[in-house]
Amino acid sequence: MDLMWYVALAVVLFAIGAATVLTRRNGVIALLGVEIMLNSANLALVTFSRMWGDLQGQVFSFFVMVVAAAEVVVGLAIVVSIFRTRRSASLDGANLLKR
């Protein structure tokens, strides 16, 4: 299979994730959209790494996964904080966290 199909899949996944982040107001769904975008970037990194025959893209993809895990922890903490104050996971209540 041609490796450009993987790049096309990464572009489609990134577009789906970006559309999810831009259109949904629920915090959990927005985090899922960000995760889809990070996974599409990982797919592109691994694909280009395979095209050029080195491991740098795969190593960088591993670090992106570590950052994504940390982002989920911080993002879910913010969503839980919003939920405790508003009883809703809507991102419209994010300005209530200012003191």
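The values are calculated or read from the model by the stated rules, or taken from the named source; none is laboratory data. Computed from a predicted model, the values in this text were never measured in an experiment. Here the Cβ positions follow ideal geometry from the backbone for every residue, glycine too, while neighbour counts run over all protein chains shown. Just the protein is used for accessible areas: all its heavy atoms, side chains included, with ligands, DNA and RNA removed. Shrake-Rupley method; radii C 1.70, N 1.55, O 1.52, S 1.80 Å.
Things to note:
- Residue list for the stretch 23-51, restricted to those being of a type in the set (S, T, N, Q), under 28 Å from Val73 (Cα atoms), touching a helix residue (DSSP H, G or I) at 6+ places or on another chain (Cβ under 7 Å) and free of Cβ contacts under 8 Å to residues at least 40 places away in the same chain: Asn39, Ser40, Asn42
- Residue-level check: of (1) in a helix (DSSP H, G or I); (2) free of Cβ contacts under 8 Å to residues at least 24 places away in the same chain; (3) surrounded by fewer than 16 Cβ atoms within 10 Å (Cβ to Cβ), Asp54 misses just (1).
- Scanning the stretch 68-85 turns up one or more residues that are open to solvent by 90 Å² or more (accessible area, probe 1.4 Å), assigned to a helix (DSSP H, G or I) and at pLDDT below 90.
- Any hit, the stretch 12-22, residues being open to solvent by less than 40 Å² (accessible area, probe 1.4 Å), in contact (Cβ under 8 Å) with a residue 24 or more places away in the chain and closer than 29 Å to Arg87 by Cβ: no
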